[in-house]
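Quick notes on the structure that follows.
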Amino acid sequence: ESDRAHPLLSDPSNYRDIETGLTLVGIVGIKDPARPEVSDSIRLCSEAGIRVMMITGDARDTAVAIARDVNIFPPLEEAGNGVVKAYEGREFFEKPEAEQLELIKTGNVVFCRAEPADKQKLVKMLQSLDEIPAMTGDGVNDAPALQQAAIGIAMGITGTEVSKEAADMVLADDNFSTIVSAVEEGRCIYANMQAFICFLISCNIGEIC
């Protein structure tokens, strides 16, 4: 009986009386902030020529505010009257296909009120533009997009087993900054391989001739 509703709430006709004569004591705001290192990581992405697209179920204003906090969009004081690329999923996919492709060709983009199926659509569109998209996800519904992307990245802590199986890479710490560090290390290895191959060719070309 301990989990039974309060007797006063069992009759809807009591609701008006219960909600009358109340005193506002205060308002509480709850914020789920991004990790402090994410802002610098996204700045490094921009410097490295990597575009960041945020896909979220949040409302547009919330999504844009978060995007400004983490450097996906410039801060409000620096943005001026510039229009940011933030679209609700349904709004975006109702546009003509040519316009959709034009909007995602350049710059960072935020998609809000998006559904899991929208991720896979966006991956396919980016691939049609000869981009190499990486996609992050943690849920069962993210699996198709993770598998479709050139590099699917699942969360190791909060991710489901389905998403981990579909992904190419699993983040052990669920941290975006780890992706940036991995890209940096990978580019260093690639540059070293290029230098080594060029060195071998230049040293041994005489023996071949």
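The values are calculated or read from the model by the stated rules, or taken from the named source; none is laboratory data. This is a predicted model, so every value here is computed, not measured. Don't worry about glycine lacking a Cβ; one is built from the backbone with ideal geometry, like all the others, and counts go over all protein chains shown. Surface areas here come from the heavy atoms of the whole protein model, side chains and all, with no ligands, DNA or RNA. Shrake-Rupley method; radii C 1.70, N 1.55, O 1.52, S 1.80 Å.
Other residues whose C-beta falls under 14 angstrom from the C-beta of Ser163 contribute a net charge of -4, scoring Lys and Arg +1 and Asp and Glu -1. Of the cross-linked pairs Lys31/Lys121; Lys85/Lys124; Lys31/Lys124; Lys121/Lys164; Lys95/Lys119, those separated by over 28 Å at the C-alpha level are Lys31/Lys121; Lys31/Lys124. The HN-Hα couplings worked out from phi for the stretch 135-152 by the Karplus form 6.51 cos²θ - 1.76 cosθ + 1.60 (θ = phi - 60°) are 10, 9, x, 9, x, 4, 5, 7, 4, x, 5, 5, 6, 6, 5, 4, 9, x Hz, whole numbers, x standing for Gly and Pro. Helix screen, the chain: DSSP H segments with Cα axial length of 27 Å or more and mean Kyte-Doolittle hydropathy at least -1.0 are 176-208. Rounded to a whole number, what % of the accessible area of the stretch 40-152 do carbon and sulfur atoms account for, probe 1.4 Å? Taking all protein chains in place, the stretch 40-152 shows 48 percent carbon and sulfur surface.
Among the GluC sites (Glu not before Pro) in the stretch 99-168, those located in a DSSP loop and surrounded by at most 14 other Cβ atoms within 10 Å of their own Cβ are Glu131.
Only one item in (i) 195; (ii) 119; (iii) 244 matches volume of the Cα convex hull per residue in Å³ derived from the coordinates shown, and that item is (iii).
Ranked by solvent-accessible area (1.4 Å probe, protein heavy atoms only, all chains present), the residues Tyr87, Tyr15 order from largest to smallest as Tyr15, Tyr87. Solvent-accessible surface of the chain, averaged per residue with a 1.4 angstrom probe and all protein chains in place: 68 square angstrom.
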